Amino acid sequence: MKKLSVLWTLTVTLLGCGGSGGEAPTVSDIEPGLGNNVNESLEAKVEFYLPSFLGQKGELAITNLLDNSVTNHTVDSLSQFSTELAVGGLYHFKFEPENDQITCPRVLGCGRSKLNDPNDLNENNEIDFGEPVIAKLRFELTTLPVPGLNQLYFSAYSTAVTGNNYDSRPLSLTAAPHYHLTVSTVLQQRKAEYVANAMTYSDIMQQYNLEISNDALFTDTFNAALSEDNDIWASYLALANDYLSETLLSEDTNTLYRQHAAKTLLEVNELFRLRQLDKLQSTITPYSNELLGEVRNALGVLRLQDEQYSEELKAKLDDVESIASDDAQQALVTIGEVIGDVVKHVSPAEGSEAGQYELPGLDIRYETQAGFRWVITGTRRGFEINIDVLVPEWRISPTLGDKVVGSGGGVVTKPGTDLNFTFDSFEIVSSNSFDPNNVQEIAGVASAKGLVELTQTNSVLTGKIELDVIRDVLNIRTTKTIIPYLKVDGVLTTPNQTTPIRLYANERSPLALTENLDLTFGVQLELALNGGKDLRIQLDGEPDTFTNFGTVDVSMILGGHVSELTVTNVGGNINLIVRGRDGYWVDIKKKDKLYTGGFYFGDKTVGDVRTIRGIPGVLFPDGSFESLF
C-alpha cells in the first residue's frame, strides 16, 4: 500500500489544523493508551516465507532480545510453519536449512555451466530451471511483531540488514521493514515474495559466478557498500533485476500484478541504493497515538475533505505524467526498432559493402573501417530520426543467435516530444541468425545503458537510462516489442520544479496479442513542498493515473517517518488507509461529510473514527477525542 503525503509542518500551513474546533472535545495531556489497557498481554502470530528454490527443512531459532531467551523449533517446511509470540519487544529469527539444496529458479535457466559441471544434469552446458546450483546461504531477520498476523520473509537482504540491526524502512519506504507484513493484501504478499526471491537469487548467482561458496559474501558487500560505491554490489542489483525482469512477465504474475509489477522493481532497486541507516528501535509502545500526526500530514496532500490533491502536489504530478506519455514510450521503441532493423538488413552477416543504403523511410550510410558504423536519417513511427551507431563486435551463430555489441546516440523527435540519447553500450541477441527474408529473425532480446534527455512540452527529464527489450513474434507478419525493465535515474526540470526522480517501468500485459506498449510505472520523487526539504514519495501504476485522486497508492518519508497510504473512491465513497510504524494503521471512510472507521494496533482496535459535531476524529475508550484535521 502506498500513498502521498507531505510534511508535519504542512499541517499548519495547508490545513490550519491541530485544534479540533471550538465545540469538539479535545485530548488532554494524558498517558498513552487513551483508555486502552496498556498492561494487556498481546499476542502475535508469526508465519514465515523462504524462497521455494531453497531447502525448507531445518532449525529455526527465535531470540527475544528483551531477555535474550531462545526458543528452538525443528521444522519440516519453514514456509508452512507458524508460532505465537508476546508483543512488546524486538525478536531475532535465524533459520539454518538442513542442507544446502538450491535449484535454479529461472525458467530461462541460470546461465552456462562450468566445465564438466556435475550439476548440469542433462549435459547441455546450461544450468536449467530446477537443476542444482552450488552456493552457501544463511538466513536471519530482526523485527517487532505486532498483535495479530505477522508474515516474515527471509532473504539474503534480511540477513545483511540484521547483522547490525539496521532499520531499512527509509530505503524501501515501507512502514515496517520490507520483510515484515502485518495486515496485508495478496498483492503485497506476492511482492514481498518476489523481493525475497530476487535478493536471494542475486546472492546465489554471485557466488556461482565467482566460484565462491560463502554465506557472508552478500552481507560483507552490503556493509562495504554502505560507505562507498562498490562494483560487486552493483552486480547483485543487475542479477536481481534479471530475475525480476523474467519473473514479472510470466502469465500468473501478469494477472496478479497488472498495475503493480513496477512497484516490485522500484522497491528492489531502491533497497540497493544504500545510505547511512539508523538502528531498529527495540520496543513498542502499546496504544500510541503518534500515527495521527502522520495522518494529518497526509491529509495536507491527499485533501480527503476536498476530494483532491493539494494544488502544489497536483502540479508536480502533472509534470511526471507528461514525461511518461505515450509519445515518450514510442520514442524509446522507435530507437530500438530502427537500430535493430538497420543492423539486420545492412550488416556483415549479409556481406554488405560500405556505401549508401535505403530502407522504408530511412537513409543509411554504412562504413566498415574500425568496426561497423551506421549513420541513419529519415522517419519512423511519425518521428524524425538522426542516429549514429558503432559496432566493433559482431557474432554470427545459428545455434546461439547472432549477437551485436556496440554504442551509439542520436535524436528522435516529433512535435511536442524530443528524445536525445547516448548509449554507452547496447547489445542485441537474435533468436537465431539474422535473415532479412524471414520476419521471425527479428525476434530476440536487447539491452542498453546510457544517458537521455527527454523534452515534453515544458518538461525536461535528464539522466541515466537502463533498458531491456524483447522482440517477440505475434504472427507471420507482426512482432511485439516488450519492455521487461526500464530505469531512468535523473532530474525533472519544469516551470514548477527541479526534482530528483527515479522512474521504473515494466510491461503490464506482455501476453496481450497487440503491438502496443502497455507499461506500468513506479516513480520515486524527492520533493520540497511548502518548505519541507526531506520529503520522498513513491507512486506506482499507469502513467496517466498519478493525478487521479480516486485511486492512489503512495509511500512517503518525512522527518524520518515512513508512511504508506491507499485511497480508493467507489461511487463517491472514499476510503483512506494510512499505515505507520510499529503496526499502527488507521482506516478512514468518508461519505458526504460523514467520517467513520477505526484506529488500530495490528488487529487490536485503539479507537473509533467518528464525526462529532461535524468534526472528524478518533474517539478513544476513555471518551477523549482527537481531530483528524
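The values are calculated or read from the model by the stated rules, or taken from the named source; none is laboratory data. These numbers were taken from a predicted model, which means no experiment stands behind them. Please note: Cβ atoms are built from the backbone with ideal geometry, for glycine as well, and neighbour counts cover all protein chains shown. The protein model used for the area step is the full one, side chains on, heavy atoms only, and it has no ligands, DNA or RNA in it. Shrake-Rupley method; radii C 1.70, N 1.55, O 1.52, S 1.80 Å.
Residue count for the stretch 542-599 under the criterion of being out of contact with any Gly (no Cβ under 6 Å at 6 or more places or on another chain), touching a residue at least 60 places away in the same chain (Cβ under 8 Å), assigned to a strand (DSSP E or B) and not charged (D, E, K, R): the result is 18.
Filtered by the rule that a residue be open to solvent by 10 Å² or more (accessible area, probe 1.4 Å), among the aliphatic types (A, V, I, L, M) and not in a loop (DSSP other than H, G, I, E, B), the stretch 340-366 gives 349, 359. Applying the condition of being open to solvent by 10 Å² or more (accessible area, probe 1.4 Å) and touching a helix residue (DSSP H, G or I) at 6+ places or on another chain (Cβ under 8 Å) to the stretch 487-501 and asking which residue is modelled with the highest pLDDT yields 487.
Among the listed residues 266, 244, 292, which satisfies the condition of being open to solvent by less than 10 Å² (accessible area, probe 1.4 Å), in contact with an Asp or Glu (Cβ under 7 Å, 6 or more places away or on another chain), modelled with pLDDT of 90 or more and outside any loop (DSSP other than H, G, I, E, B)? The match here is 266.
If you go through the stretch 310-339 one residue at a time, how many are open to solvent by 20 Å² or more (accessible area, probe 1.4 Å) and outside any helix (DSSP H, G or I)? Adding up the residues that qualify gives 1.
Filtered by the rule that a residue be in a helix (DSSP H, G or I), more than 19 Å from residue 168 (Cβ to Cβ) and among the hydroxyl-bearing types (Ser, Thr, Tyr), the stretch 198-220 gives a lone residue, 208.
Among the residues of the stretch 379-408, those identified as assigned to a strand (DSSP E or B), open to solvent by 20 Å² or more (accessible area, probe 1.4 Å), at pLDDT 90 or above and not acidic (Asp, Glu) are 379, 380, 386, 390, 407. Among the residues making up the stretch 152-190, those that are of a type in the set (D, E, K, R) and under 21 Å from residue 536 (Cα atoms) are 167, 169.
From the list 610, 579, the lone residue that is open to solvent by less than 30 Å² (accessible area, probe 1.4 Å) and either within 30 Å of residue 45 (Cβ to Cβ) or touching a Pro at 6+ places or on another chain (Cβ under 7 Å) (or both) is 579.
Taken over the stretch 183-211, residues that are open to solvent by 10 Å² or more (accessible area, probe 1.4 Å), aliphatic (A, V, I, L, M) and under 21 Å from residue 148 (Cα atoms) amount to 3. Filtering the stretch 94-107 for residues that are in a strand (DSSP E or B) and under 24 Å from the mean Cα position of the chain (by Cα) leaves an empty set.
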